[in-house]
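Beneath this line is the structure, given in C-alpha cells, with notes to follow.
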Amino acid sequence: PEERIGLDRVVITTGSSGGFLLAFTACFDTGDVVAVASSGYPCYRNILQALGCDLANVPINDDFKLTAAELRKEIQERENAGNARLKGLILSSPSNPTGAMLSAEELKDLCELCDKEGIRFLSDEIYHGITYGKKEATALEYSSTAIVINSFSKYYSMSGWRLGWMVVPSDLLDPINVLQQNMFINAPTISQTAAMKCWEPDTIQELEGHIAKYRASREFILKELENIKEIPAKNVAPADGGFYVYIDLGEDNVATEAGLGSTEMCRSLLEEEGVAFTPGTDFEDPSGNLGDRRFRISYAGGTNTIQNAMGRFHQFWSGWVKRVHEAKQKI
C-alpha cells in the first residue's frame, strides 16, 4: 500500500532486464559472490558474470525450491571452507523454469535470513498474478532492504514493450537513478503511455481471461504427464505459478553417454513432430549434469496449441524410450 511504500521508491525500468542491470551494478562490485538457484533464469548468471561477479549456485530442494534451509546450508559451507561471504541473492517466485513458488512463511524466513546475514535479496516477482490456487507473497512484506523487480511482460502481456519497475530501499535510490540516467535515460515513453490502460476494468477482465487459459493448459499438461508411466510425479515440478512445467526425465529416460539427453530429445521432438520444448541446459547449474536431464514446457500459447503439442509428444515418447533403451544396452 502507498502509505507503506512511497512512490519515490518505485523506479520505472526498461523491462525487468534493465532492472537486473541497474540492481546488480548498484549493489555489487567485481568479485562479489551472488547466490542463484541451481535451477533458474539463465540471464541472472549471464549478466552477473559479465559484470565480474562470482556465482554461488545453491541446489534447490526436492520441491524444486530454494528456501532459507538451502541458503543457510550454503552460508555454513562457505564459512567452514573459508570462502568469501555471500553479498547477494536473486530469486524468482514463482520460478522460471520450475513454476515453484515460495509460501509466505518460506519467503519470510528467507528475507529474515538475508537481513541477518547482510545479504542483499533481489526478489524477482515478474510472475506475480499468474498463480493457481496459492497466493503469492512479496518480499516487501518482510524486508526493508530487499529489492523487488517486476515487469509488464507477463501478467500484463506487454512483452516486447520493454517496460518494468523496481521497488528499492531508500539508500539505493540515488545510485540507481544516476545509473539509469547514464544507461537508459528512461523507459520508452510510448510504452509508459500504453501501460496506463493496464488497470482499466476491461483490461483486467481480458487479462484474467488469459489466466483462465493458462490454467486450462496447465491442467491439461499435468494430466497428460500422469499418463506417462516412465515419468514419476516427483519428477514434475509443482507448477504453482507462471506458465511453465519443468520435468526431470530421470536416469532411466536418458543415455547421456550416448548423447541421448534432454537436449537431443528436444531437438528430435522439434524435427520429427514440430514441437518446441526447452532443454534444461539453459536453466541448470552448468557445473552439474541435470541440464541434460531436464526440460521445460511453456504453455503461454493457446490451449489448442498445447493439446496438439502434447498429443505429438505422446506419439514421440515411445520411440524415444525405445531409442534410450537400445543405447543403454550398447554402452
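The values are calculated or read from the model by the stated rules, or taken from the named source; none is laboratory data. All values reported here derive from a predicted model rather than from experimental measurement. All Cβ positions, even for glycine, are placed from backbone atoms using ideal geometry, and neighbour counts span all protein chains on display. Each accessible area value is taken on the protein alone, full model and side chains, heavy atoms only, with ligands, DNA and RNA left out. Shrake-Rupley method; radii C 1.70, N 1.55, O 1.52, S 1.80 Å.
Observations on the model:
- If both residues of a DSSP beta bridge must be in the chain, then about 55% of such bridges are antiparallel.
- Computed over protein heavy atoms with a 1.4 Å probe, the carbon and sulfur contribution to the accessible area of region 63-128 reaches 44%.
- The peptide list 26-34, 83-91, 181-189, 236-244, put in order of mean Cβ contacts within 10 Å with the highest first, becomes 236-244, 83-91, 26-34, 181-189.
- Shape analysis of region 273-315 places it in the prolate category; the axes a ≥ b ≥ c from the Cα gyration tensor give an a/c of at least 1.5, with a/b above b/c.
- Building the convex hull from the alpha-carbon atoms of region 31-165 and averaging its projection over directions returns 8.3 nm².
- Remark: region 43-120 carries 45 Å² of accessible area per residue (probe radius 1.4 Å; ligands, DNA and RNA excluded).
- Per residue value of the accessible surface for region 181-331 (all protein chains in place, 1.4 Å probe), Å²: 54
- Here region 1-60 has 51 percent of its accessible surface on carbon and sulfur atoms, given a 1.4 Å probe and all protein chains in place.
- The smallest convex shape that holds all Cα atoms of the chain, its convex hull, gives 147 Å³ per residue.
- Inter-part distance where region 102-138 and region 2-45 are each reduced to a Cα centre, Å: 14
- Full-extension gain in nm, M196 to L270, via 0.36 nm per residue minus C-alpha separation: 22.7 nm
- Computed over protein heavy atoms with a 1.4 Å probe, the carbon and sulfur contribution to the accessible area of region 250-313 reaches 43%.
- Set K65/K134; K87/K116; K154/K213; K73/K134; K108/K134; K65/K87 screened for pairs whose C-alpha atoms are more than 18 Å apart: K73/K134; K65/K87
- Exposure of D115 as accessible area (Å², to 10), given a probe of 1.4 Å and all protein chains: 70
- Separation in nanometres of the label points that stand 7 Å from Cα toward Cβ, at K330 and A81: 3.8
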